[in-house]
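Inspection log for the structure reproduced underneath, given as structure tokens.
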Amino acid sequence: RKRNQDRGIIIRNIAGLEDVDMFGVLDGHGDDGHEVSEYVKSLLPDILADLVKADKEQKFRVDPKPLIKEMISRVIAELKTVQANGKSQDKSKTPRFDVSTSGTTMCVSLRVGDVLHTANVGDSRAVLIRKVMRKKKKNEDGKEEGDGGMVGTLSSLPLSRDHKPT
């Protein structure tokens, strides 16, 4: 039976800021994909908190793209370090997985105030599900359908696109 290689992550109140959160999914690939996705999940809270704290002027509130790009770059750098250490004699610092044959996708949404910014690396995608409320319609007898005056319908909004090789 194949292991579940998916990981989800929720980081609330990043760097103590109540209006800054991150939500994401990681989908491991390869023999050690579950370990790669778990490792990346473990890196994200500290990397993100460090980046937010370092942005003293909080420029990320106006344009979070540089912060998100730097977060992704740091994750990739960490995985490259794992790969380099895997080839060294000192195995004590090296996680026990092979990033030359395994990896993970990463699809994250950063909430800053009431705006959601989404980035994705790989073939994962994010979809926002929302409930749209409308007034209930009256049936042929002039009675409202169901209880109360409102009814909710679910709708979806794609937040990202797949990055699939052609």
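Data for the structure
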{"quantity": "Hits in segment 1-41 (condition: farther than 24 Å from Pro64 by Cα and either in a loop (DSSP other than H, G, I, E, B) or modelled with pLDDT of 95 or more (or both))", "calculated": "Arg1, Lys2, Arg3, Asn4, Gln5, Gly30, Asp31, Asp32"}
{"quantity": "Within segment 60-145, strands (runs of 3 or more DSSP E) holding 1 or more residues that are at pLDDT 85 or above and open to solvent by less than 60 Å² (accessible area, probe 1.4 Å)", "calculated": "103-112, 115-121"}
{"quantity": "Hey, Ser37 in contact (Cβ under 8 Å) with a residue 12 or more places away in the chain and among the hydroxyl-bearing types (Ser, Thr, Tyr) or not", "calculated": "yes"}
{"quantity": "Selection from segment 16-26 of residues that are surrounded by fewer than 18 Cβ atoms within 10 Å (Cβ to Cβ) and either at negative phi or among the polar types (S, T, N, Q) (or both)", "calculated": "Leu17, Glu18, Asp19, Asp21, Phe23"}
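The values are calculated or read from the model by the stated rules, or taken from the named source; none is laboratory data. Remember, it's a predicted structure, so these values are computed and weren't measured experimentally. Because the Cβ atoms are built from the backbone with ideal geometry, glycine has one as well, and the counts that use them run over all protein chains shown. Note: areas computed on protein heavy atoms with side chains; ligands, DNA, RNA excluded. Shrake-Rupley method; radii C 1.70, N 1.55, O 1.52, S 1.80 Å.
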